[in-house]
Every structure is written in structure tokens, then in C-alpha cells.
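Please treat every number below as a calculation from the coordinates, not as lab data. Worth saying up front: this structure is predicted, and the values here are computed from it rather than measured. Every residue, glycine among them, receives a Cβ derived from its backbone with ideal geometry; neighbour counts consider all protein chains shown.
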Amino acid sequence: MISNVVSFLALVAVVIFLFGIRIVRPTHRGLIERLGKYNRFADAGFHWIIPLVENLYQVNVTEQMVDAEPQEIITNDNLNAKVDAQVYFKVTPSEESVKRSQYSVNNYLYQIVNLARTTLRNIIGTLTLKSANSERGKINEELHKTLMSETSSWGLEIVRTELKEIDPPKDVQETMNKVVKAENEKVAAIDFATAAETVADGERRAQIKKAEGQRQARILQAQGEAEAIQLVNEAAEKYFVGNAQLLRRLETVEKSLANNVKIIVPSDGQLVNVIGDLAGVVPLKKEESSRK
């Protein structure tokens, strides 16, 4: 009889022990409450609680994403824009932060969504549609800053915010597309004109350079010819001073002798001796010439 009671009690103890086993994953942290009051913190791993007396509530501490859901926002230029954003956050894995995420705010996911939507309305409402599209980085920074400030007591860390879309009405979008197309065509036309002007300017410069080169070549050629003439004149002045006529005669005789032409010159001419020295021409006497 006693052995049966012991066996029964042992079985009950085993059942109670098994029912009290709790395993906390590395991605979670736990809060253990005893009779509705916080008792202790549970890190990742094995834990045992008293069944029916204690409860363990696990909290995800990994990075999570919540969608702020699309909404219509009136911009500063009175246009309706469809805006959507995403918020990335996580519960800080410390004991104090996990406690705040459960005891300082009711359903922080719902709270973050509504806070993000309200913040977006306040930010984009002060901007025109064009500036809102061109200043997405600024909107993300303002949204992130506001969420960080408002959730600082919730034990959360706002990792980042991403503005998904800012869609204007369909007719406004078509008009904006036409404007962008016209601006692109204008820029392309300006670029083409600039390129053509650059090519023309390059060709003009090349022609100028070519003309300058030809001009310089002609100048150098003329200078060379002038220097050659000057050298000839200097030589003539140096070696034939006062004998210009004689120089001319010598050139004439040289050309004649080159063609084997016989020349008879007066014996009293000064040129005879020169010719005799240069070409071996013997002058004829007046008597012999008269006989003939």
C-alpha cells in the first residue's frame, strides 16, 4: 500500500516537472510571472516554472518589419498622394527593454503602425508633391527620428524606415511624365547643339592652325631665299667690287663654253685674259683678223 502511494507521488512529481519545462529559443527572451506578478527574466535556454502558478511569456528580439499601410495624404500644393512606408525595428534583448515592451505599451506593433502613419501625414503635408518625391531621404530621416523619440520608453530600437511609394493621381502623373519627357528632350537638344558647336570649333581651329603653318612655311622659305640672295650679294661685293659688268660677261662666256660655242673677242678687252685663263681661248691679232 505504501509503495503504491510512493509510486503515485513519484508519478505526480514527474508529471509536474514535465509540465513545468520551458525552452527559450536564441531569438527570444522570456518574462516569468508568478501569480500575475513579474518574478524573473529568462534568457535563451532551459527553464522550469511551477505549473499553474507561474507563466513564461516569450518576446521576439530579432529585427522585425511592419508596413504602415497605404494612405491618401494631401500635399502642400493640394494634391492627393498615395503614401506607403515600412518600419524596421527590434526589441532590445536586455531585461529592462523586454519588460518595457510588455508592460509600458499595449501591442507595440499596432502602435508603431499608427504612429508612422500620423508622422507621415505631418511631414508630407508640409511638402509639395514634387519636393516630396525628390526628398525621400529627408522624409525617411524625419520619420526615423520621430519614431525613435516616441518609442524610446517602449524598449524598442527603430532600425530604419523606408518610404515605399508616393504616387500622385493618375492625371497628375501623366502631366508630370510629359514635363519630364519635354525636359529630357530639351537637355538632349542642348547637348547635341553643344557637341556640334564643339566639332565646328575644333574644325575651325584646325583650319586656323593649318593656315598658320602654311604662312609660317612661306615666311621661312622667303627668309631663306632672302638670306641666300644676301649671301650672294655679299660675296659679289667682297670678291668683285667694281666688276659687275665683268661678272656678267663671265657668266655669259661660261654658258657659251658649256655649249662648245667659239667666241672671238677684241684683243684689247680685259675679258680676253680672263677667258684665256679660264677656257684657253687665244685672242686674235688685228692684222690676222683683217687678212681674213
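Taking a cut-off of 15 Å, what percent of all Cα-Cα pairs in region 64-168 are separated by more than that? Mind dumping the intermediate values first?
Numbers: 3244 of 5460 pairs.
Tail of the P(r) past 15 Å holds 59 percent of the pairs.
For region 64-168, give the magnitude of the charge dipole about the Cα centre (Cβ charges: +1 Lys/Arg, -1 Asp/Glu; no others), in debye to the nearest 20.
On the way: 12 positive and 15 negative charges, 24 e Å.
Dipole size: approximately 120 debye.
Any of LYS90/LYS130; LYS99/LYS138; LYS130/LYS164; LYS82/LYS138; LYS186/LYS210 with alpha carbons more than 27 Å apart? Name them for me.
Details: LYS90/LYS130 33 Å; LYS99/LYS138 33 Å; LYS130/LYS164 16 Å; LYS82/LYS138 18 Å; LYS186/LYS210 36 Å.
The answer is LYS90/LYS130; LYS99/LYS138; LYS186/LYS210.
Just how many % of Cα pairs in region 60-99 lie over 16 Å apart, if you round to the nearest whole percent?
Details: 440 of 780 pairs.
The share of Cα pairs beyond 16 Å in region 60-99 comes to 56 percent.
What percent does the relative contact order of region 9-77 come to when contacts are Cα pairs within less than 8 Å and at least six residues apart? Before the final figure, lay out each step's value.
Working: 92 pairs, mean separation 21.5, N = 69.
Once divided by the residue count of region 9-77, the mean separation gives 31 percent.
How charged is the neighbourhood of ARG40? Take every other residue with its Cβ under 10 Å from the Cβ of ARG40, and add Lys/Arg as +1 and Asp/Glu as -1. Working shown, then result.
Details: positive: ARG34; negative: GLU33, GLU54, GLU95.
With Lys, Arg at +1 and Asp, Glu at -1, the neighbours total -2.
Would you mind computing, in nm to one decimal, how far apart the modelled labels at PHE17 and ALA193 are, each placed 7 Å from Cα along Cα→Cβ?
The two pseudo-label positions are separated by 9.2 nm.
How long are the three semi-axes of the equivalent ellipsoid for region 2-60, computed from the Cα gyration tensor as the root of 5 times each eigenvalue, in whole Å, largest first? Provide the component values of the computation, followed by the final result.
On the way: eigenvalues 162, 33, 8 Å².
The equivalent ellipsoid of region 2-60 has semi-axes of 28, 13, 6 Å.
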